[in-house]
Amino acid sequence: MEQYKRVFLIVLDSVGIGEAPDAEQFNDKGADTLGHIAEHMKGLNMPNMSKLGLSNIRPLQGIDPADKPLAHYTKMQEASNGKDTMTGHWEIMGLYIDTPFRTFEEFPKELIDEIEERSGRKVIGNKPASGTAILDELGPEHVETGALIVYTSADSVIQIAAHEDVVPVKELYEICEMVRELTKDEKYMIGRVIARPFVGEEGNFERTSNRHDYALKPFGRTVMNEMKDENYDVIALGKISDIYDGEGVTEEIRTKDNMDGMDKLVQSMDKDFTGLNFLNLVDFDAKYGHRRDPQGYGEALEAFDQRLPEVLDKLKEDDLLLITADHGNDPIHHGTDHTRELVPLLVYNKQFDEGKELSLRETFSDIGATVAENFNIKMPEHGKSFLKDLK
C-alpha cells in the first residue's frame, strides 16, 4: 500500500539555487539563478514559497526563512554530465546520463547538405536565434524560395520553421522525422528536433499550434515506465511528455505557458487517480533565462508564488507535493546557456508537523527513488529514497 496516493511533482524549469560544486568545469563559476534574480528585484516577493521553506535552504533577498517551515527542504546536485533539460529530467526519474547532449552554434555543413539533398529544399539560417525574430528576418525569403528555416537555441535542439502555405505541415513533419534519424548519430547527439510551422504575412508571421517535438527516447527505463507497467497513472503536463518522448506517460495534457500550466494542474487535482502528476513550467527558462531577462524572470517567479495557495488548498491528506528544478539559467550570467547549479527541493504533505532540512541529495534521481519506493515498484539503479525521512 502506497504511503501517498497521489504525488504532484512541479519542475520550475531552470530555477537553480547557486553554483554546483563542479560549476567551473561547465564555465559556470559564480552562477546563481535565484540569488541574482532576488538581488536584481531588490527582494523577491514570494510569501508562499517562504512559508514552505525556500529561504531555509539558503538566504534569498526578500524571502524570509520560515520559523516553522511547512515543507522539508534541501538542495539537489546533478550527477549526470550535462546541464540541459532532458538530462535533468531523465535524472529526476532515475537515469544517469554520461554523454552530454550536444549544442551547436552552427550545424555542420555535412548535416545541412544531407538535409538539403533529402528534402529537396535549400536551408537558410543555421544559427542560434529567437523563434519569433528569425521569422521576421528570414520569413520573407522562405515564402519566396521555399527554403527551410533552420535554427537552434542554447538547448540541444534543431528547429525547422516553414510557412504552412509553402511547406504543408505533413511535409514538414516528414522532413523533421528524417532529420531526427540523421541526428541520432553520435557525432550530432542532438536532444530534440522541433517542427515550427507558421502562418501570416510579412511583418505579421505567427507560429501555430502545429509544433511537434521529436525527442530521443530515454536511454533506459525510468520510474515512469515502471509505474505505467504496474497500472499506476502518470499524468504529464506541459512539455513533460515531449521530454520523455511519451515513455511511461498514461495521460498527456498540453499547456500554453506557466499560468496555463498552473490552471491545468489545479484542474487535474480534482481527478481521482493513483500515481504521479508531473508538471514542467518552462517559461522561466525559455522566456526569461535564455533571453537574459532578470526582471521578467523575477515577475514570473512571483506570479507562480501567487498561484501556489490554489494547489496547497486542493492537496488531500494522502497527497505529496514536490517542487524542484532541472538545472539553472542565471539571467545575470554570461552567454545565453543553462548554468550548472544546485536545485532546490521542497517536499510537502498536509500532515507534516514541521518541515526539517533533509540531507543534500547527491543526484536528482533521489526523487525517482522516493516515488518508486512510495508505489512499491522496481527501484531505479540510481538514487536513494528519502521516503522514510518524510514524517
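The values are calculated or read from the model by the stated rules, or taken from the named source; none is laboratory data. Keep in mind the model is a prediction, meaning the values are calculated, not measured. Every residue, glycine as well, gets a Cβ built from its backbone with ideal geometry; the counts of neighbours run over all protein chains shown. When the accessible area is computed, the model is the full protein with side chains, heavy atoms only, and any ligands, DNA or RNA have been set aside. Shrake-Rupley method; radii C 1.70, N 1.55, O 1.52, S 1.80 Å.
Would you say GLU373 is surrounded by 15 or more Cβ atoms within 10 Å (Cβ to Cβ), acidic (Asp, Glu), over 16 Å from the mean Cα position of the chain (by Cα) and closer than 20 Å to THR74 by Cβ? For GLU373, the condition - surrounded by 15 or more Cβ atoms within 10 Å (Cβ to Cβ), acidic (Asp, Glu), over 16 Å from the mean Cα position of the chain (by Cα) and closer than 20 Å to THR74 by Cβ - is met. Scanning the stretch 338-358 for residues that are touching a Lys or Arg at 6+ places or on another chain (Cβ under 8 Å), part of a loop (DSSP other than H, G, I, E, B) and crowded, with 20+ Cβ neighbours inside 10 Å turns up HIS338, ARG340, LEU342, GLY355.
Within the stretch 151-178, the set of residues being modelled with pLDDT of 95 or more, under 15 Å from ARG211 (Cβ atoms) and β-branched (Val, Ile, Thr) comprises ILE158, ILE160, VAL167, VAL169, ILE175. Within the stretch 229-246, the residues that satisfy the criterion of being surrounded by fewer than 20 Cβ atoms within 10 Å (Cβ to Cβ) and within 16 Å of the chain's Cα centre (by Cα) are ASP245, GLY246. For ARG211, state whether it is in contact (Cβ under 8 Å) with a residue 40 or more places away in the chain, open to solvent by 50 Å² or more (accessible area, probe 1.4 Å), of a type outside the set (Gly, Ala, Ser) and farther than 30 Å from PHE26 by Cα. For ARG211, the condition - in contact (Cβ under 8 Å) with a residue 40 or more places away in the chain, open to solvent by 50 Å² or more (accessible area, probe 1.4 Å), of a type outside the set (Gly, Ala, Ser) and farther than 30 Å from PHE26 by Cα - is not met.
Of the residues making up the stretch 95-113, those that are part of a helix (DSSP H, G or I) and either surrounded by 15 or more Cβ atoms within 10 Å (Cβ to Cβ) or touching a strand residue (DSSP E or B) at 6+ places or on another chain (Cβ under 8 Å) (or both) are LEU111, ILE112. Take LEU9 and decide whether it is under 20 Å from the mean Cα position of the chain (by Cα) and assigned to a helix (DSSP H, G or I). The answer is no for LEU9. Applying a threshold of 7 Å to beta carbon distances and a minimum spacing of six or more residues, or different chains, the list of pairs starting in the stretch 129-141 at a residue that is under 12 Å from ARG196 (Cβ atoms) and ending at one that is open to solvent by 80 Å² or more (accessible area, probe 1.4 Å) reads GLY131/ARG207; GLY139/GLU202. When the residues of the stretch 120-139 are filtered to those that are buried (at least 20 other Cβ atoms within 10 Å of the Cβ) and in contact with a helix residue (DSSP H, G or I) (Cβ under 7 Å, 6 or more places away or on another chain), the one that is farthest from SER153 (Cα to Cα) is GLY125. For LYS256, state whether it is surrounded by fewer than 19 Cβ atoms within 10 Å (Cβ to Cβ), over 20 Å from PRO65 (Cα atoms) and not aromatic (Phe, Trp, Tyr). When the stated conditions are applied, LYS256 passes them.
Taking the condition in contact with a helix residue (DSSP H, G or I) (Cβ under 6 Å, 6 or more places away or on another chain) and at pLDDT 95 or above, does LEU279 pass?
Considered against the rule, which asks whether it is in contact with a helix residue (DSSP H, G or I) (Cβ under 6 Å, 6 or more places away or on another chain) and at pLDDT 95 or above, LEU279 comes out as yes.
Being open to solvent by 10 Å² or more (accessible area, probe 1.4 Å), part of a helix (DSSP H, G or I) and modelled with pLDDT of 95 or more holds for only one residue in LEU312, LEU301, and it is LEU312.
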